[in-house]
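The values are calculated or read from the model by the stated rules, or taken from the named source; none is laboratory data. None of the values given here were measured: they were computed from a predicted structure. Here the Cβ positions follow ideal geometry from the backbone for every residue, glycine too, while neighbour counts run over all protein chains shown.
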Amino acid sequence: MATPSQFDNDTFALARQHLADFVTGTARRLAGQGGRLLEVGPQERSLVRESFTNFAVDTFDIVDTYQPTLVGDITKHNDFIADSTYDCVVCMEVIEHTLNPFEAVKEIRRILKDGGYLLISAPLNWRIHGPIPDCWRITEHGWKALLRDFDIETIDSLESPGRELFPIRYNVLARCNKTKCIDDHELVFRYI
């Protein structure tokens, strides 16, 4: 088993707080709304349920270890969830563990209502971690490509201390846009 580095130890609390601030801040922003929310891969964490009290929350995981409401693979079409079921999907610290993040986003878009919210996050400058597999790291440009058919409202990064352009992690808030269909050549990226 690998030993966490000093960097990991020094930034772990920062990363957790960054995630918590994003979730609670977004919950406050959406306090006037309600409906159905799906949290993907929450394990035993309860921050989303505690923060989004105005939403009926379902949980979704690939295994039933933590007794989710629904068991399935977010990278596949889950027939037991109808199109446009959810007003909000929360997928925090999960996408890097999927085998196909593009298919995961496709399925999330299918089950979200048009105009529904997606909260999604992943580490960038962080060690390989469980649950296995840990397959991906997504940059700011990667988020724009991955969420090309969403309207991205916020890309929130936690910068690495002393290392510009290599954030520890990203949180993204986006809205589902069922009419959007962006081709590769139409993507626009921030010049760095």
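Worth a mention:
- Complete set of residues in region 29-69 that are part of a strand (DSSP E or B), hydrophobic (A, V, I, L, M, F, W, C) and either crowded, with 21+ Cβ neighbours inside 10 Å or in contact (Cβ under 8 Å) with a residue 24 or more places away in the chain (or both): L37, L38, V40, F55, F60
- Residue selected from region 142-192 under the condition among the charged types (D, E, K, R), modelled with pLDDT of 95 or more and in a strand (DSSP E or B), by the criterion surrounded by the most Cβ atoms within 10 Å (Cβ to Cβ): R169
- Enumeration of residues in region 81-91 that are part of a strand (DSSP E or B) and either surrounded by 23 or more Cβ atoms within 10 Å (Cβ to Cβ) or out of contact with any Phe, Trp or Tyr (no Cβ under 8 Å at 6 or more places or on another chain) (or both): Y86, C88, V89, V90, C91
- So V94, is it within 24 Å of Q33 (Cβ to Cβ), in contact with a Leu (Cβ under 9 Å, 6 or more places away or on another chain) and surrounded by 16 or more Cβ atoms within 10 Å (Cβ to Cβ): no
- Close pairs from region 2-25: first more than 13 Å from L47 (Cα to Cα), partner loosely packed, with under 14 Cβ neighbours inside 10 Å and of a type in the set (F, W, Y), Cβ under 8 Å, at least 6 apart: P4/F12
- Of all residues in region 1-25 being part of a loop (DSSP other than H, G, I, E, B) and among the hydroxyl-bearing types (S, T, Y), the one that is surrounded by the most Cβ atoms within 10 Å (Cβ to Cβ): S5
- Matching residues in region 77-135 - criterion: being of a type in the set (F, W, Y) and modelled with pLDDT under 95: W126
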